[in-house]
Amino acid sequence: MNTLLLRLLAGSLLLGGVALGALLLTAASSDTEPAPPGMVYVAEGTYQPLFKNPEESEPYTVKPFFLQETAVTRADFLAFVEDNPRWRKSNIATIFADEQYLKDWPSDLDFGPEELANTPVTNVSWHAARAYADWRGMRLPTTAEWERAAMASATDADGLGDPDFLRRLSEWYSQPAPPSWPDVRSTAQNYWGAWDMHGLVWEWVEDFNTALVRGDSRSDGDMDRVLYCGSGSIGASDFQDYAAFLRYGLRSGLQADYTVSSLGFRLAMDVPTSSPDDL
Amino acid sequence: MRRLLSNYFLPPTPDDPMKKTYRFTSLLAVLLLIAASAILFTRCASDDVSATEAKASESSEMTETPAEYTVRPRIRGSVTPASAKDAKPNSFELPPIEGEEVATITYAPEVPPPITRTHASRVKVEMKVTETIKERADGVNYTFWTFGDEVPGPFVRVREGDLVEFTLHNHPSSKVPHNIDLHSVTGPGGGAEATLIAPGKSATFEFRALSPGLYVYHCATAPVGLHVANGMYGLILVEPKEGLPAVDREYYVMQSEFYTDGDFMEKGLRTFNQEKALQEIPDYVVFNGAVNALNGDNALQAAVGETVRLFLGNGGPNLTSSFHVIGEIFDRVYTEGGIEANQRNVQTTAIPAGGSAMVEFEVAVPGAYKLVDHAIFRAFNKGAVGTLNVVGPENKEVFSGRTSLEDYRPAEELSSN
Ligand SMILES: [Cu+2]
């Protein structure tokens, strides 16, 4: 009688506990911090820059951060230009974007056929990407953050050693650009939950123009030599990852007003230093 | 905190693509409040575990500490320091520039006509870079990275002393930046730094064609090997001011090799294979960018009595060509693309990767002459074969053709019977 009740109570508590545990596990998949909607948590880790100061041998530490799950889409960007007339293609100041800005948008508030709504927005300048980030109360990821998130394969935070992963991501570079990009979430989701880090479009980073040089001890002249000469591979920490080379090559060829048909962006956010329960 | 709150909790705008996730977040937040300590515990524990795992995987990659040994310092000779004060006037004089023209450019195997000008000019050259799928062989396709939309890139012909105004366009549909390093340029990077451009951009620079000769140009954007392996090379001739000796026909032939994810002639859209490139084991060694680019209807042509000049280049990226024309002897070879016809009667001439050669020969007997890389498996197993068809009257005194055909019975065989 009493024992039975107790047993029932204990049993239900146990079941409830298991259920709660399962819920928590699902919610906090792997080692994630609860991320804001549409974003994924990338835990603290290291990232080895492709080009670095010879005196520096320590890998670079990347603090935990939130990264947008997908690239910003045309529909997202439409909401931004609706709210911000000065970033519409007919209004944009020439210092903020070149002539190709949103070039495949038929007009200011029309990104083209509805089926392109969920394709990544491209032909946006760095200035425009930052303005969008401001509007959303966020920022662009740094090179270190982007590369740290991008080196994850589907199953591993560090996928660089996986030859299949390398081959797959290099395949993108082996195909010419299609007339329009596929939707976001059309390639692969990586260990952190981020979609399309490889195989959809290039993405702007906050420090694209300084990404090659960390610290002042390496002159631009030396960097040029590493980049342009036949000895281009010597500075690389992992020559196998030539896809990373291509990203560095692209970033080094950009300026803040450039718009490129294969270059979009996604947003990032700092992880609050306070613990989640004092929200 | 306010920003954070708005991102987590404030109601979404109607067309917010993140809408679906808000409900989930709210639920999650409630759960968090209930079980904050449990979560904290779980997270801290998993962080510790992942950190330990990271450490472990790092250290497992390190090799065992070898036994003690001594590294002795290298011995080096000294280099006399140079300072700007040591600089002196150059030994050459630059000719005055008269007039302006647009360079004639042609696609392989065609060569622009000889330059008849007797003075140096400002010469404009424009080239666009594209990334485009083309046939490598029947049914075998590849995304070539090109100068001028073709592999090899266009042939450029300028005159010694010309001031070349070179403009490179990177097509907006390109995925990666490109540039050009012309070996005919005297200056840093051969123009590579000056022309590095993102997709959708153009860059212009000028150089003096100081030194006559036949030069390779190629893309030099990191990773250089990949850009060259994908087809980014061509030839530029800086014609000597006195011109080259007149010939009847000139052709542009450029060898290169390709490393793919398939076997030789495996159909489909093939991609670049880094491993094969590092090992220098190509699937294809070809003339003018494709198997049979110089065979069948595309064969080179000449008539008996004519003198043929071949402008030969080798884009590499890795192999040296042992260039040979089966059944012909090169009367004159300008080795390594210099302007001295410094060798006569050559059977096979070497063309280094990133280098060139000019050969001249008079044809005497009609027939099909095969152009090959005489590293012969490349010719018959990897595609390095072209054809020069010579037409005209037979010359039996030079070459009779077959005059008899009989059974052969060796003497020892006859005696044993
Ligand atoms: Cu290139």
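The values are calculated or read from the model by the stated rules, or taken from the named source; none is laboratory data. The shown structure was predicted, so the numbers you read here are calculated from the model rather than taken from an experiment. Ideal geometry is used to build each Cβ from the backbone, glycine not excepted, and the neighbour counts take in all protein chains shown. What goes into the accessible areas is simple: the full protein's heavy atoms, side chains included, and nothing from ligands, DNA or RNA. Shrake-Rupley method; radii C 1.70, N 1.55, O 1.52, S 1.80 Å.
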The strands (runs of 3 or more DSSP E) lying entirely within region B:197-243 that contain at least 3 residues which are open to solvent by 10 Å² or more (accessible area, probe 1.4 Å) and either away from the ligand (no atom under 11 Å from the Cβ) or closer than 23 Å to B:L163 by Cβ (or both) are B:202-208
Region A:71-110, subset within 11 Å of another protein chain (Cβ to nearest Cβ) and of a type in the set (V, I, T), residue farthest from A:Q255 (Cα to Cα): A:T73
Candidates B:V398, B:V390, B:V365, B:V333, filtered to the one that is assigned to a loop (DSSP other than H, G, I, E, B) and open to solvent by less than 40 Å² (accessible area, probe 1.4 Å): B:V365
Return the residues of region B:108-143 that are surrounded by 15 or more Cβ atoms within 10 Å (Cβ to Cβ), under 30 Å from A:A177 (Cα atoms) and among the charged types (D, E, K, R); say none if nothing qualifies. B:K124, B:E126, B:K128, B:E131, B:K134, B:E135, B:R136
Could you check region B:105-184 for strands (runs of 3 or more DSSP E) lying wholly inside it with 1 or more residues that are within 16 Å of the ligand (Cβ to nearest atom) and acidic (D, E)? B:120-137
Which one of these is open to solvent by 10 Å² or more (accessible area, probe 1.4 Å), among the hydroxyl-bearing types (S, T, Y), touching a residue at least 24 places away in the same chain (Cβ under 8 Å) and closer than 24 Å to B:L312 by Cα: B:T146, B:T167, B:T186? B:T186
All positions within region B:83-109 that are out of contact with any Gly (no Cβ under 9 Å at 6 or more places or on another chain) and more than 21 Å from B:A209 (Cβ to Cβ): B:S83, B:A84, B:K85, B:D86, B:A87, B:K88
Of B:V228, B:V216, the only residue that is within 14 Å of chain A (Cβ to nearest Cβ), closer than 20 Å to B:G315 by Cα and touching a Phe, Trp or Tyr at 6+ places or on another chain (Cβ under 7 Å) is B:V216
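Go through the residues of region B:370-378 one by one and say whether even a single one is surrounded by fewer than 15 Cβ atoms within 10 Å (Cβ to Cβ) and either out of contact with any strand residue (DSSP E or B) (no Cβ under 7 Å at 6 or more places or on another chain) or not in a strand (DSSP E or B) (or both). Don't jump to the end; show me each part of the working.
Pass one, region B:370-378, residues surrounded by fewer than 15 Cβ atoms within 10 Å (Cβ to Cβ): B:376-377.
Filter again for either out of contact with any strand residue (DSSP E or B) (no Cβ under 7 Å at 6 or more places or on another chain) or not in a strand (DSSP E or B) (or both), leaving B:376-377.
Yes; the residues of region B:370-378 include at least one that is surrounded by fewer than 15 Cβ atoms within 10 Å (Cβ to Cβ) and either out of contact with any strand residue (DSSP E or B) (no Cβ under 7 Å at 6 or more places or on another chain) or not in a strand (DSSP E or B) (or both).
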Can you find even one residue in region B:269-291 that is of a type in the set (S, T, N, Q), more than 14 Å from chain A (Cβ to nearest Cβ) and surrounded by 15 or more Cβ atoms within 10 Å (Cβ to Cβ)? yes
Determine if region B:243-258 includes at least one residue that is at pLDDT 95 or above and closer than 24 Å to A:A244 by Cβ. yes
Selection status of B:V247, touching a Phe, Trp or Tyr at 6+ places or on another chain (Cβ under 6 Å), under 21 Å from B:G337 (Cα atoms) and more than 14 Å from the ligand (Cβ to nearest atom): no
